[in-house]
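To start, the structure under review is shown below, and the notes come after it.
The values are calculated or read from the model by the stated rules, or taken from the named source; none is laboratory data. Since the structure is predicted, the reported quantities are computational estimates derived from the model, not experimental observations. Cβ atoms come from the backbone with ideal geometry, glycine included; neighbour counts cover every protein chain shown.
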């Protein structure tokens, strides 16, 4: 009973912010979102956190209309890439059988990713775009909103990668791994588990390929609420390794690789809180 009351109170805290008629208090929203967002409010909250929806509500209707019109006009055609996206979506659906199974979702993936690629000609298609896009298609009420949130994330990733190359990110993470979890790092080396093989995807794709879906959206709640999520991300990766350390040390090479590519269900509060306390408190 007490737990239900706390949950309702938490939802009320979000709704109080979101129902403001003039201005949405983004600072309060970020503080709450770091602890997880109620499923029924995630769509609206993510739009504010990602800057798709502005805190000033005076132009909310006109900005929504402008986004819809802009998205409708976007070029979503490319037969060859569309075929590759559909193939990757089918693989994704087999990997994550509980969500996004309806055929209509396949078209949403194709439309959103093609709209993004055709608007950013310097970006090449990668299968990882499907797993990065999936949470937005699942969470958002409209394809248009999913596109603009996806675009914001991709732009933020691009900006970060321009400052710190993937090679630099992996080297930094390997240093952290050796210093923080030397026994596990040595065990991986003894079992000939290539750190580059899995850490590259973990770092580049924000665990969108490896993490259970419920865990992933909870993690992204926190990331979207932060000013420096990509700097925080390597420490979350270390926290995950710490949480699976005992289980991993009973496994052999092929089993370790499988676990690192398909993570078990995690206690996300613990995964997030440990590095957050170490870094910010």
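What residue, of 197, 158, 189, 151, is within 23 Å of residue 260 (Cβ to Cβ) and either free of Cβ contacts under 8 Å to residues at least 60 places away in the same chain or in the same structural domain as residue 40 (by TED's automatic domain parsing) (or both)? Break it down stepwise before answering.
Numbers: 197 fails: either free of Cβ contacts under 8 Å to residues at least 60 places away in the same chain or in the same structural domain as residue 40 (by TED's automatic domain parsing) (or both); 158 fails: within 23 Å of residue 260 (Cβ to Cβ); 151 fails: within 23 Å of residue 260 (Cβ to Cβ).
Just a single option satisfies the conditions, and that option is 189.
Look at residue 260 and say whether it is more than 23 Å from residue 50 (Cα to Cα), touching a helix residue (DSSP H, G or I) at 6+ places or on another chain (Cβ under 8 Å) and crowded, with 19+ Cβ neighbours inside 10 Å. Break it down into steps so the answer makes sense when it comes.
On the way: more than 23 Å from residue 50 (Cα to Cα): yes; touching a helix residue (DSSP H, G or I) at 6+ places or on another chain (Cβ under 8 Å): yes; crowded, with 19+ Cβ neighbours inside 10 Å: yes.
So residue 260 fits the description; yes.
For the condition touching a helix residue (DSSP H, G or I) at 6+ places or on another chain (Cβ under 8 Å), outside the structural domain of residue 272 (by TED's automatic domain parsing) and surrounded by 19 or more Cβ atoms within 10 Å (Cβ to Cβ), what is the one hit in 42, 30?
Values: 30 fails: surrounded by 19 or more Cβ atoms within 10 Å (Cβ to Cβ).
From the options 42, 30, the qualifying one is 42.
With the structure loaded, tell me whether residue 265 is free of Cβ contacts under 8 Å to residues at least 60 places away in the same chain, touching a helix residue (DSSP H, G or I) at 6+ places or on another chain (Cβ under 9 Å) and on the phi > 0 side of the Ramachandran plot or whether it fails that test.
Numbers: free of Cβ contacts under 8 Å to residues at least 60 places away in the same chain: yes; touching a helix residue (DSSP H, G or I) at 6+ places or on another chain (Cβ under 9 Å): yes; on the phi > 0 side of the Ramachandran plot: no.
No: the conditions fail for residue 265.
Every residue in region 263-275 that is at pLDDT below 95 and surrounded by fewer than 19 Cβ atoms within 10 Å (Cβ to Cβ), please.
Scanning region 263-275 gives 269, 270, 273, 274.
Checking residue 99 against (1) part of a helix (DSSP H, G or I); (2) more than 19 Å from residue 144 (Cα to Cα); (3) touching a residue at least 12 places away in the same chain (Cβ under 8 Å), only one condition comes out false. Which one?
(1)
Being buried (at least 16 other Cβ atoms within 10 Å of the Cβ) and under 20 Å from residue 117 (Cβ atoms): is that true of residue 147 here?
Values: buried (at least 16 other Cβ atoms within 10 Å of the Cβ): yes; under 20 Å from residue 117 (Cβ atoms): yes.
Against the criterion (buried (at least 16 other Cβ atoms within 10 Å of the Cβ) and under 20 Å from residue 117 (Cβ atoms)), residue 147 qualifies.
Quick check: anything in region 51-61 in contact with a strand residue (DSSP E or B) (Cβ under 8 Å, 6 or more places away or on another chain) and over 30 Å from residue 236 (Cα atoms)? Lay out the reasoning, then the answer.
The first filter runs over region 51-61 and keeps only residues in contact with a strand residue (DSSP E or B) (Cβ under 8 Å, 6 or more places away or on another chain), leaving 55-57.
Subset that is over 30 Å from residue 236 (Cα atoms): 56-57.
The answer is yes, given that some residue of region 51-61 is in contact with a strand residue (DSSP E or B) (Cβ under 8 Å, 6 or more places away or on another chain) and over 30 Å from residue 236 (Cα atoms).
Checking the condition touching a residue at least 60 places away in the same chain (Cβ under 8 Å), in contact with a helix residue (DSSP H, G or I) (Cβ under 9 Å, 6 or more places away or on another chain) and on the phi < 0 side of the Ramachandran plot, which residue from 144, 133 passes? Don't jump to the end; show me each part of the working.
On the way: 133 fails: touching a residue at least 60 places away in the same chain (Cβ under 8 Å).
Of 144, 133, the one residue that is touching a residue at least 60 places away in the same chain (Cβ under 8 Å), in contact with a helix residue (DSSP H, G or I) (Cβ under 9 Å, 6 or more places away or on another chain) and on the phi < 0 side of the Ramachandran plot is 144.
Among the listed residues 100, 153, 117, which satisfies the condition of being crowded, with 19+ Cβ neighbours inside 10 Å and modelled with pLDDT under 95?
Working: 153 fails: modelled with pLDDT under 95; 117 fails: modelled with pLDDT under 95.
That would be 100, the only listed residue that is crowded, with 19+ Cβ neighbours inside 10 Å and modelled with pLDDT under 95.
Select from region 109-128 the residues that are touching a residue at least 40 places away in the same chain (Cβ under 8 Å) and either part of a helix (DSSP H, G or I) or out of contact with any helix residue (DSSP H, G or I) (no Cβ under 8 Å at 6 or more places or on another chain) (or both) and write down the one among them that is nearest to residue 85 (Cα to Cα).
Within region 109-128, the match that is nearest to residue 85 (Cα to Cα) is 128.
Filter region 129-166 down to the residues that are closer than 18 Å to residue 76 by Cβ and outside any helix (DSSP H, G or I), then identify the one that is farthest from the chain's Cα centre (by Cα).
My answer is 142.
How many residues are within 21 Å of residue 139 (Cβ to Cβ), assigned to a helix (DSSP H, G or I) and over 10 Å from the mean Cα position of the chain (by Cα) when one looks only at region 177-227?
So the answer is 2.
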